[in-house]
Amino acid sequence: SVGWIKPGPVSKTLDHFFRLTPNDVNFVISTTTWSLRLTNVDQFDPASLPDSIQTVVQLGRDLMTYEELDFVAVTGDLLQSALGFEWNRAMRSALEDATGKPAATAMTASTDALRAMGVSRPAVVTPVGDAKNADVRAYLEASGFDVATIQGFPTRSTREIKALPLTAAYDAARSAFASAPGADGIYVMSV
């Protein structure tokens, strides 16, 4: 079983995700409303989430009361970028200590995956504008990546992100990669 701590509500849009998961993998989900603080402003303020590590750790402990978990995942890559590299490292460690289970944040999993694929200079696409993309760039650079380019969309809400055309991520990824000579991979964040 996987404990999933998610920064926004679980909606029907996740049906596709659950259809892809093996039948013998169970997800136990806990959500916060942190995504509202990220998507409805131009620039994210990490101070708006006091005690964020303790909050996530308590959610992980709470999930363990429902079911014996094998792994704990904390999604919300854009939010985690804004909270920073050190926050992700500290939160992952605190969650593992509290639950006794391996854990990952979306950003630690993403950077681990990029490294496993041999990517060192990614072209990055996000569903947000320049101010928030500065956080994404800073996180990736703190993780040891040389960001070739980062492109996004000037969205201000989850609704605006969901209203992007179905081909938005693909089109933006092609454009970003073409504009970044020397990029050795493409990283598309939650578009």
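The values are calculated or read from the model by the stated rules, or taken from the named source; none is laboratory data. Here the structure is a predicted model, which means the values were calculated and not measured. Every residue, glycine among them, receives a Cβ derived from its backbone with ideal geometry; neighbour counts consider all protein chains shown. Remember, those area values only see protein heavy atoms, side chains included, never the ligands or the DNA or RNA. Shrake-Rupley method; radii C 1.70, N 1.55, O 1.52, S 1.80 Å.
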Potential extension, Phe71-Arg174 segment - 0.36 nm per residue separation minus Cα distance: 33.7 nm
The chain - percent of accessible surface contributed by carbon and sulfur, probe 1.4 Å: 55
Segment Met117-Asp146, extension gain: residue separation times 0.36 nm, minus the distance between their alpha carbons: 9.0 nm
Kirkwood Rh, angstrom, the range 125-191 [1 / mean 1/r, Cα pairs]: 12.3
Using a Förster distance of 30 Å, the FRET efficiency for Asp62-Arg159 (Cβ separation, nearest 0.05): 0.55
Anchor Lys12: lysines whose Cα lies under 24 Å away (excluding residues fewer than 8 positions away in-chain): Lys162
Residues of the range 56-154: accessible area per residue with a 1.4 Å probe, Å²: 41
FRET efficiency for Asp130 and Ser11, using Cβ-Cβ distance with R0 set to 25 Å, rounded to 0.05: 0.35
Two-site FRET efficiency, Asp97 against Ala47, from Cβ-Cβ distance with R₀ of 25 Å, rounded to 0.05: 0.50
Extension gain (nm, one decimal) between Ser190 and Asn23, 0.36 nm per residue minus Cα-Cα: 57.7 nm
Calculated Rg/Rh (Cα atoms, Kirkwood Rh) (choose from (1) 0.98; (2) 1.07; (3) 0.96), label: (3)
Residue among Leu20, Leu79, Leu59 with the largest mean-square fluctuation in a Gaussian network model of the chain, springs linking Cα atoms under 10 Å: Leu20
Largest-first principal axis extents of the Cα set of the range 83-169 (Å): 41, 29, 22
Part-to-part distance (alpha-carbon centres) for the range 45-90 and the range 149-191, which is given in Å: 25
Simple Cβ-charge dipole of the chain, Lys/Arg +1 and Asp/Glu -1, about Cα centre, in debye nearest 20: 420
